[in-house]
Amino acid sequence: MKEEVIRENVIAHIMAGRGMLNREENMQRYIDIIQRKIFIKNPFDRAIAVIFELVIEKEVNPREIDLISFSKLYLKKVKEEGLDLFIAGRIVLMAWKILRMQSEEIIKNMESKEEEEIFDYDIPEWYGDDDVFYYTQKVLNNEIPLERKIRREPKRKVTLIELINAFEEAKEMIQKRAKRRVRNKEWKNVQMEDTSHKEDIEKDMKIVMERLSKLNGRAIPLKQLYENKDEMLSIFLPLLFLAKEGRILIWQENFPYGEIYIKLNHGS
């Protein structure tokens, strides 16, 4: 009975703050998760679903969540359930950064003369893989490294709405970064292929020029530059490049079926 009361409490908190949700369209899904109507398998969404489960299991006040203690409970639960620690660790770290920035903005507005920073939480922008690896390894060894990175705890606790928003935003950032990585990798592969292709053409162009140089300016029938069909196909493209650059002359006698001749363009 008590658990049901807590569930209703959490649902009431979300419904009351629906206007503050970054993804208001997800509100019903959140409620379905809380009421155990659905189970999320997607690792990113599952990381968010664990928040609700933990708030209910540990009877956490959705209006006053202590980030340090909640992070410990959260990562412990993720580990026990065998969920993806890499994803969960990264989301937690990025959510911390988002909430830190929000806290600093609020404090800045409330105490404009205060010069001391609220956090000394030095994590590189976008949290590189090394940081996530360090963090998840600490979790696996039953160590939570958050305290050591924070000189002083935040002056205010956060609400469940703020925590959900931070997790959703962190999830989107990670997914966008993953997409950029894929695009960058694909672009690098294309560039490598283009470079390799260009090098092959330049190599073939050099071979053609060396053959023509031995003729002392005489023209040669195209068919004498190759011995088989494969060689013929590989020689056409470099010939077109050389002709475009004006380094060779190509012409055909008795068009369209006559012999095609090639020679160096000494006038270039």
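Annotations for the structure displayed:
- Inter-label distance, nm, simple model (7 Å from Cα along the C-beta direction), residue 101/residue 227: 6.5 nm
- Label-to-label distance, nm, for residues given as residue 8 and residue 64 (7 Å Cα→Cβ offset): 2.3 nm
- For segment 1-92, the Cα gyration tensor yields ellipsoid semi-axes of 20, 16, 13 Å (square root of five times each eigenvalue, largest first, whole Å).
- Qualifying chymotrypsin sites (Phe, Trp or Tyr not before Pro) for segment 27-94 [loop in DSSP, other Cβ within 10 Å: at most 14]: 39
- Taking every Cα-Cα distance in segment 215-264 and sorting them into 10 Å bins from zero, the calculated P(r) comes out as 25, 55, 20 percent.
- Structural descriptor for segment 215-264: relative contact order 45 percent, calculated from alpha carbon pairs under 8 angstrom and at least 6 residues apart.
- Which of 83, 233, 67 has the fewest Cβ neighbours within 10 Å, and the rest in rising order: 233, 83, 67
Rule-based calculations on the coordinates, nothing more; no lab input. Predicted model only: the values in this text are computed from it and were never measured. Cβ sites come from the backbone with ideal geometry, for glycine too, and all protein chains shown count toward neighbours.
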